[in-house]
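Notes for the one structure printed next.
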Ligand SMILES: C[S@@+](CC[C@H](N)C(=O)[O-])C[C@H]1O[C@@H](n2cnc3c(N)ncnc32)[C@H](O)[C@@H]1O
């Protein structure tokens with residue numbers, strides 16, 4: 001099957017007619033619903049939460065969050081981000097309960113630190129891998145997205161992103177971008193090796209004292225079939241890859257860490273980390 | 001755009017990340033509607049510690065609501081006081097900005113709100 005992700009940008013592909021076709025197809029409705037339920041299972045939220053729906057589209061995933069009964073931990077309140085005005089238009093017509101933002105996740109996630117209990121993304125983030133203009137690279141867009149997502153989640157929060165990687169390389173590119181942003185990450189594959197394979201990236205924000213291992217990825221996906229735990233948070237400490245303390249790279253890394261914690265840091269410039277001469 | 005979301009949104013412009021002035025965004029020419037939604041008490045109690053009360057007071061005043069009490073209620077107060085809970089629900093969840101703008105006090109960028117949807121798309125030089 002051809003992948004629109006490879007040739008078009010999302011806001012062009014999801015125009016008025018495509019948005020309507022997408023949303024009214026009962027086949028798509030069913031698939032999106034079952035993946036949303038699977039993602040909720042992985043988020044494991046026990047009480048009504050504030051959730052970001054990344055690439056919410058016409059609200060097929062979001063409306064499940066709003067209608068979740070109390071026995072299942074709901075109903076949740078959500079905010080959706082999507083780059084396609086046509087998809088959001090269909091969401092409005094369907095009267096979804098979530099608050100909607102017209103926004104490009106490749107530009108970041110404009111919420112203050114620790115806003116959300118959790119985030120969910122169904123069939124959207126593979127779109128970040130195509131960048132059609134010269135001033136944006138997929139790597140830059142992925143990094144802005146995951147850094148922003150990381151900061152917008154509360155400590156101990158989780159994100160589950162179901163996505164359709166084009167190939168293994170893309171799967172790796174997305175996962176490692178998440179890990180670089182600070183997430184603990186695990187990949188879960190349902191129906192692996194079939195054409196219906198579904199890939200879920202399960203992300204955790206460390207920190208905060210969580211009961212047991214609930215806060216860490218190894219706890220979420222441990223024992224599940226087909227799960228690869230990827231965690232490079234502890235690499236980079238020793239050995240070759242180490243960044244020299246006090247160097248510009250080191251300062252930039254520290255700044256990113258502070259920014260993720262929601263601290264306000266000075267913008268990086270060509271003067272960052274420059275030696276100051278002693279003045280006599 | 002619910003008042004709830006406004007309490008968490010910041011300016012998306014890159015240069016504003018290092019400024020405390022870029023939060024909260026300030027509504028301008030806002031047309032409001034009031035929805036009628038069921039109270040989700042558990043969610044409000046969960047959210048309360050995360051609400052920036054100073055920012056919420058600013059927003060409420062800017063939208064023409066009567067001044068909020070200077071201090072946020074505690075979780076216990078909210079739990080035991082039905083009226084406080086309703087009032088908070090009304091402001092955060094039921095009050096929506098349908099048309100207007102959200103303005104950053106730091107860079108002056110204006111985010112348009114149409115049919116309740118805020119437009120956060122930025123030209124690439126601001127990202
Ligand atoms: C297959 S739809 C899924 C929509 C919804 N999550 C669902 O389950 O029905 C993918 C959505 O991702 C959105 N999307 C793609 N790239 C995006 C980006 N850079 N920023 C925000 N949304 C994006 C598209 O506009 C589209 O609505």
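Every number in this text was worked out from the coordinates using simple rules, so none of it is lab data. Everything numeric in this text was worked out from a predicted model, so none of it was measured. So basically every Cβ, Gly included, is an ideal-geometry build from the backbone, and we count neighbours across all protein chains shown.
To the nearest 10 degrees, how steep is helix B:53-62 against the longest Cα principal axis of chain B, on a 0 to 90 scale?
Taking the Cα atoms of chain B, the angle to B:53-62 is about 70 degrees.
What ranking do A:35, A:87 get, fewest neighbouring Cβ atoms within 10 angstrom at the top?
Listed from fewest to most nearby Cβ atoms, that is A:35, A:87.
For the protein assembly as shown, what does the alpha-carbon gyration tensor say about shape, rounded, prolate or oblate, given a ≥ b ≥ c as the root eigenvalues, a/c under 1.5 as rounded, and a/b over b/c as prolate?
It is rounded, given that a/c, with a ≥ b ≥ c, falls under 1.5.
Computed over the Cα atoms of region B:1-68, what is the convex hull's projected area averaged over all directions, in nm²?
Answer in nm², one decimal: 5.6.
Give the relative contact order (percent, whole number) for region B:3-126; include only Cα pairs under 8 Å separated by 6+ residues.
About 38 percent, as a whole number.
Is the shape of region B:3-126 best called rounded, prolate or oblate, per the rule: a/c under 1.5 gives rounded, else a/b larger than b/c gives prolate, else oblate, with a ≥ b ≥ c the square roots of the Cα gyration tensor eigenvalues?
Judged from the Cα gyration tensor, region B:3-126 comes out prolate (a/c at least 1.5, a/b above b/c).
State whether region A:107-195 is rounded, prolate or oblate according to the following rule on the C-alpha gyration tensor (a ≥ b ≥ c being the square roots of its eigenvalues): a/c under 1.5 gives rounded; otherwise a/b larger than b/c gives prolate, and the remaining case gives oblate.
Because a/c hits 1.5 or more and a/b fails to exceed b/c, region A:107-195 counts as oblate.
For peptide B:12-18, how many partner chain Cβ atoms fall within 10 Å of a residue's Cβ, on average?
Mean shielding by partner chains, rounded to a whole number: 5.
What is the spin-label model distance, in nm, from residue B:58 to residue B:39 if the labels are put 7 Å beyond Cα along the C-beta direction?
Output for this residue pair reads 2.9 nm.
Could you work out the mean count of beta carbons from other protein chains within 10 Å of each residue's beta carbon in A:61-67?
0
So what is the calculated 222 nm ellipticity per residue for the protein assembly as shown, using -39500 (n - 2.57) for each DSSP H run with n of 4 or more, over all residues, to the nearest 500 deg cm²/dmol?
Using -39500 (n - 2.57) per qualifying helix, the result is -8500 deg cm²/dmol.
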